[in-house]
Amino acid sequence: MTCVQKPSSIVKKAVMGLTGLVLFGFIVGHLIGNLLIYAGPEALNGYALTLRHLGELLWVARIVLLAAVGAHILTAMSLVRENRRARPTPYQFQDTIQTTYAARTMAVSGLVVLAYIIYHLLHFTFRVTNPHLSHLTDANGHHDVYRMVVFSFQNPWICASYIFALTLLCMHLNHGLASAAQSLGANNQKWEPRFKKAGCIISLIIYLGYISIPIAIYTGIIKAVPGGHL
Amino acid sequence: MNLTLKVWRQKHKEDQGLMVTYEAKDINSHMSFLEMLDVVNEDLIKKGEEPIAFDHDCREGICGACSLMINGVPHGSEKGITACQLHMRHFKDGDVIYIEPWRARAFPVIKDLIVDRSAFDRIIQSGGFVSATTGGVPDANAIPIAKPDSDSAMDAAACIGCGACVAACPNASAMLFVGAKVSQLALLPQGKIEREQRVLNMVRTMDEENFGNCTNHFECEAACPKEISVQYIAQMNREYLRAAAKQ
Ligand code: HEM
Ligand code: FES
């Protein structure tokens, strides 16, 4: 009966946690796929081709992700609005005891990540921002993801913005992962510090995994394949 | 010691209110924070000014009446105590101390440092009890309760309803208060019978009273004079999600 009416605070928190975890799942899967760049062009381009050949399954995944992003953002907006309204008069002397920078900047880090995701899709998925880099084909005549990525990250601006967005994403995850355990009611006194530590370690691993790629490309550890300079 | 106080003064609910500066002179370091305010008030009365209104009752940390935001922290920055248990020896001569009321839409200021906390009462009225027909007192230990459950229920029951959790929360959320009560009763056999309706009703009232939503800063736990753990919020979330799924 309560669920039919306006969703309660706790339902909204559960939606944040659940959709956050779905997005987290994507972030992990995407990282594993991206790391194939270290295995060379065949591995990465082959993986990209496999994804494209998933057909309906790819669309199911896309719809689930889109729904999760939508619900995550709409619920976040509603929570942020209510939370602002809950304290109309601020304290003259403001202080906090144990909250973290990451926790206080969830809305900002989320919004920056959202903006970056849109740019990222325009760049690598819709291939509109750097068309001269992103419509190359490999020896088999398939879309050359490998060279697209390598040429892109040779640009310092693309590298820097990517690393910046990932810094915020991983801050978001650092607070978000432990939060999800709390919001979904999985937490207790014994597990609270463990979830906190796990959230920190997992987001750090994810961070290092993602940013290693632009760094490896920019420093020349990963090179475009023979004959591959623009 | 001599101190400078910056105190929120507000004549009544509709008054704008403002911070007023007072000098607290010759304060004995053995005084409690409230006794220090008593001294300042005596001085104000002598001068024919309106004394500073603040809530207090037991002055020994058990009633939850005192409710002062001291330098941005509920009950001051000493851990695990109420403002009435805070001694002036924790301050230094010449300190400037900001004293403000709890700030939350759900806790409107009535006068100066006193806020209306009846929103908490309405949350309790909506489910924070066990319905029982009256009769003789049951025998002790007639209903066996596992030690970990009774310990956990006791820890939750330590809540004195002061509202420091709401005051400390960046979102003015009451989830630690509600979580403690929901968990305390759900842990005990007498309270288990109504556990589902209780959590649904109490959370609905909490939302209707315009408290904010928890975003897991855990400031509440750090500010709580009874050091109640945020695990009770997770427990309430569990209770609620299970009850809502059943309905
Ligand atoms: C890939 C992207 C994202 C991932 C993996 C992610 C993950 C998470 C997780 C796990 C949580 C914790 C939920 C909880 O409290 O239980 C969370 C909270 C939050 N997210 Fe995201 N998120 C992402 C994108 C976004 C975006 C685009 C926004 C933009 C508006 C956003 C805004 C928020 C806010 C405001 C919270 C705090 C909500 C609260 O604690 O009540 N997130 N996120
Ligand atoms: S006056 Fe009773 S707790 Fe402080």
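The values are calculated or read from the model by the stated rules, or taken from the named source; none is laboratory data. Note that the structure is a prediction, hence the values are computed from the model and not measured. We place every Cβ from the backbone using ideal geometry, glycine too, and count neighbours over all the protein chains shown.
Does region B:78-89 contain at least one residue that is surrounded by fewer than 16 Cβ atoms within 10 Å (Cβ to Cβ) and among the small types (Gly, Ala, Ser)?
yes
Here is a check on your reading of the model: is B:GLY94 closer than 30 Å to B:GLU196 by Cβ, in the same structural domain as B:GLY17 (by TED's automatic domain parsing) and not basic (Lys, Arg)? Spell out the reasoning first.
Working: closer than 30 Å to B:GLU196 by Cβ: no; in the same structural domain as B:GLY17 (by TED's automatic domain parsing): yes; not basic (Lys, Arg): yes.
No, not satisfied.
Could you go through region B:148-167 and let me know if any residue there is at pLDDT 95 or above, at positive phi and of a type in the set (Gly, Ala, Ser).
yes
I'd like to know if region B:62-72 contains one or more residues that are in a loop (DSSP other than H, G, I, E, B), free of Cβ contacts under 8 Å to residues at least 24 places away in the same chain and away from ligand 1 (no atom under 16 Å from the Cβ). Write out each step before concluding.
Taking region B:62-72 first, the residues in a loop (DSSP other than H, G, I, E, B) are B:62-68, B:71-72.
Filter once more, keeping what is free of Cβ contacts under 8 Å to residues at least 24 places away in the same chain: none.
No; the residues of region B:62-72 include none that is in a loop (DSSP other than H, G, I, E, B), free of Cβ contacts under 8 Å to residues at least 24 places away in the same chain and away from ligand 1 (no atom under 16 Å from the Cβ).
Hey, which of the helices (runs of 4 or more DSSP H) in region A:124-230, taking only ones fully inside, have at least 1 residues that are surrounded by fewer than 14 Cβ atoms within 10 Å (Cβ to Cβ) and under 18 Å from the mean Cα position of the chain (by Cα)? First the steps, then the outcome.
Details: elements: A:131-134, A:145-153, A:156-183, A:192-218.
Those helices (runs of 4 or more DSSP H) span A:156-183, A:192-218.
I'd like to check something: does region A:28-50 contain any residue that is farther than 22 Å from B:GLU221 by Cβ, away from ligand 1 (no atom under 11 Å from the Cβ) and aromatic (Phe, Trp, Tyr)?
Taking every residue of region A:28-50 in turn, at least one turns out to be farther than 22 Å from B:GLU221 by Cβ, away from ligand 1 (no atom under 11 Å from the Cβ) and aromatic (Phe, Trp, Tyr).
Residue check, A:PHE93 against (1) over 20 Å from the mean Cα position of the chain (by Cα); (2) more than 14 Å from chain B (Cβ to nearest Cβ); (3) of a type in the set (Phe, Trp, Tyr), all met but one. Which one?
Of the numbered conditions (1) over 20 Å from the mean Cα position of the chain (by Cα); (2) more than 14 Å from chain B (Cβ to nearest Cβ); (3) of a type in the set (Phe, Trp, Tyr), the odd one out for A:PHE93 is (2).
Identify the residue in region B:39-55 that is part of a loop (DSSP other than H, G, I, E, B) and at negative phi and, among all such residues, is nearest to ligand 2 (Cβ to nearest atom).
Step by step, filter region B:39-55, then rank; the result is B:ASP55.
Inside region B:64-79, can you point out the residues that are touching a strand residue (DSSP E or B) at 6+ places or on another chain (Cβ under 7 Å), more than 15 Å from B:ALA104 (Cβ to Cβ) and within 15 Å of ligand 2 (Cβ to nearest atom)?
Correct list: B:ILE70, B:GLY76.
This table checks each residue for (1) in a helix (DSSP H, G or I); (2) within 16 Å of A:HIS142 (Cα to Cα); (3) within 20 Å of the chain's Cα centre (by Cα); (4) in contact (Cβ under 8 Å) with a residue 60 or more places away in the chain.
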position	(1), (2), (3), (4)
A:VAL11	yes, no, no, no
A:VAL15	yes, no, yes, yes
A:THR19	yes, no, yes, no
A:VAL22	yes, no, yes, no
A:PHE26	yes, no, yes, no
A:GLY33	yes, no, yes, no
A:LEU44	yes, yes, yes, yes
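Kindly check whether there is at least one residue in region B:109-118 that is away from ligand 2 (no atom under 13 Å from the Cβ), hydroxyl-bearing (Ser, Thr, Tyr) and at pLDDT below 95.
So far as region B:109-118 goes, no, none of its residues is away from ligand 2 (no atom under 13 Å from the Cβ), hydroxyl-bearing (Ser, Thr, Tyr) and at pLDDT below 95.
Within 14 Å of ligand 1 (Cβ to nearest atom) and either more than 30 Å from B:PRO108 (Cβ to Cβ) or within 15 Å of the chain's Cα centre (by Cα) (or both): which single residue out of A:LEU111, A:LEU54 fits that description?
A:LEU111
Sort out which residues of region B:223-247 are of a type in the set (Ser, Thr, Tyr) and assigned to a helix (DSSP H, G or I), and write them in order of number.
Once the filter is applied, which keeps residues that are of a type in the set (Ser, Thr, Tyr) and assigned to a helix (DSSP H, G or I), region B:223-247 yields B:TYR232, B:TYR240.
Name the residues in region A:91-103 that are of a type outside the set (S, T, N, Q) and exposed (fewer than 15 other Cβ atoms within 10 Å of the Cβ), would you?
Answer for region A:91-103, where residues must be of a type outside the set (S, T, N, Q) and exposed (fewer than 15 other Cβ atoms within 10 Å of the Cβ): A:ASP95, A:TYR101.
Output the qualifying pairs, or none if there are none: Cβ atoms under 7 angstrom, residues six or more apart or on different chains, first residue in region B:177-197 and free of Cβ contacts under 8 Å to residues at least 12 places away in the same chain, second residue buried (at least 16 other Cβ atoms within 10 Å of the Cβ) and part of a helix (DSSP H, G or I).
What qualifies is B:LYS192/B:ALA186.
Tell me, which helices (runs of 4 or more DSSP H) wholly within region B:84-197 include 3 or more residues that are β-branched (Val, Ile, Thr) and within 14 Å of chain A (Cβ to nearest Cβ)?
Hits in region B:84-197: none.
Any chance you could count how many residues in region B:207-232 are more than 7 Å from chain A (Cβ to nearest Cβ) and touching a strand residue (DSSP E or B) at 6+ places or on another chain (Cβ under 9 Å)?
So the answer is 3.
Kindly establish whether A:LEU136 is modelled with pLDDT of 95 or more and away from chain B (no Cβ under 12 Å). Before you say what the answer is, go through the steps one by one.
Numbers: modelled with pLDDT of 95 or more: no; away from chain B (no Cβ under 12 Å): yes.
So A:LEU136 does not fit the description; no.
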